[in-house]
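Worksheet for the structure shown next.
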Amino acid sequence: MGKYKGNVLYWAAGRIFAGSMSAARTVAFHTLGCKLNYSETSAISRLLEKEGFAKKDFDDFADVYVLNTCSVTDNADKECRQLVRRIQRRSPQSLVVITGCYAQLKPAEIAGIPGVDLVLGAGEKFNIAHHLKELTKGDSAKICSCDIEEVLEFNSSFSMNDRTRTFLKVQDGCDYNCSFCTIPMARGKSRSDSIRNVVSHARFLAAGGVKEIVLTGVNLGDFGSGTLSIPGNSSSRKERMEDFFGLVRELDQVEGISRYRISSIEPNLLTNEIIEFVAGSRKFMPHFHIPLQSGSNRILGLMRRRYKRELYADRVSRIKAFMPHAAIGSDVIVGFPGEREEDFKETFDFLHSQDISYLHVFTYSERDNTKALEIEPVVPMNIRHQRNKTLRNLSYMKMQYFTQSHAGETRKVLFEGQHRDAMMEGYTDNYIKVSTSYREEWVNQVVDWTI
């Protein structure tokens, strides 16, 4: 005999009796990982809202919980499992859907987590509404995935969590073969939106009051290369003659958008013409994030990176020549297999010598099916953590120095909504964080601010 649990009628054994969810269907989301994932979660949310779902906060009760996962590090995998257990304790009758990179790489492993009902791979995440219609709580977890080589279409997405800033996805996938990375296996070949579509999205966002767009992608500088799938025809492909520089120039003309940021761009794809254009633009912010990964050319070779540190230094030098005030961030991996003490010292000394503003430091994490697993010797975990701490301290000092070097200057800050404790935050054009007492009239406004 069935019984009521909240607004949903269930079998005593846990099987839903009257449809797979209540009349007022609700969905909650949690995103792990990069800005690209946040843009896609927002797009999936809008798809489900069109199907009649009401969005809830993740800590509220919902009929469906969607986890958009990352798998860059082992911690991301662990966090996904922890979140599923949390949902099970709070709301065991709810449907749990897992998508994202972890779902594409290890669907069977995820399906084995108690409480998971649906696993959507890279080619199915935007078909979530269709799959939910056929889903019933109590059945075995359903896996909807395919070989990553079959994922060819580009799906546009952008975040709309607030009006201040949005992450706009313009590129997906990667054709590089870095020895530590699973992203090509999780997201497929490099593919892009068209400049025409991206400009259309930017105009739509401007009409909605968005002031700043952050351009995102897996390998953003590779925008426009290779081929583009034609939506609705999986067998049809056409050559592309567009590039990232062309996209930047067209976006600069869009009325209503005050700011653009380039989320991350490989040093070998950051051309002189892009740097010089940003230097002369009123809309593209003097802020670059350029992955380095190691300051040792020997380690860069083992990583199969497509540049040496000399090129990286040249990119930093050129940016500073045109924009002395520019913020430059960098990604670094510590504890990569074969990284000797002298290699790490090379990395530290190189980063110390460069005029960069901050670091994102990652501790190397073994990933299945990557070439890095074949490299020896393996760096002990305690040494990896020590090196991570050393570079994080360097990052803190660099950001302090960068901020202090602009003390007394008046720069433009885009303020966001209320943060906490009656405070609000914003960023200068060159990415210095500013906190001040909350003022409603400053929300989503660009304000002159003395550092």
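Within the chain, DSSP assigns beta bridges of which about 40% are antiparallel (rounded to the nearest 5).
Dipole of the range 388-451 (Lys/Arg Cβ +1, Asp/Glu Cβ -1, origin at the Cα centre): which of Val446, Gly417, Phe402 lies farthest to the positive side? About the Cα centre, the residue reaching furthest to the positive side is Phe402.
Between Lys389 and Arg298, the simple label model (points 7 Å from Cα in the Cβ direction) yields a spacing of 2.6 nm. Net charge within 15 Å of Arg392 by Cβ-Cβ distance, Lys/Arg positive one each and Asp/Glu negative one each, not counting Arg392 itself? Here the count lands on +3.
Could you tell me the calculated FRET efficiency between Ala407 and Lys320, based on Cβ-Cβ distance and R0 = 22 angstrom, to the nearest 0.05? E(calc), rounded to 0.05, equals 0.75. FRET efficiency for the Thr450 to Thr136 pair, using the beta carbon distance and R₀ = 60 Å, is estimated at 0.50.
Taking other Cβ atoms within 10 Å as a rough exposure proxy, Val316, Val27 sort from fewest to most as Val316, Val27.
Descending by average beta-carbon neighbour count within 10 Å, the peptides 368-379, 342-353 line up as 342-353, 368-379, the highest first.
Which order, highest average first, do 188-194, 145-151 follow once you tally other Cβ atoms within 10 Å for each residue and take the mean per peptide?
Averaged packing, sorted descending, gives the order 188-194, 145-151.
Charges were assigned to the Cβ only: +1 to each Lys and Arg, -1 to each Asp and Glu. The resulting dipole of the chain about its Cα centre is roughly 780 debye.
None of the figures in this text is laboratory data; all of them are computed from the coordinates on show. The model shown is predicted, which means the values in this text are computed figures rather than measured ones. Cβ coordinates were reconstructed from backbone atoms using ideal geometry, including for glycine residues, and neighbour counts include every protein chain displayed.
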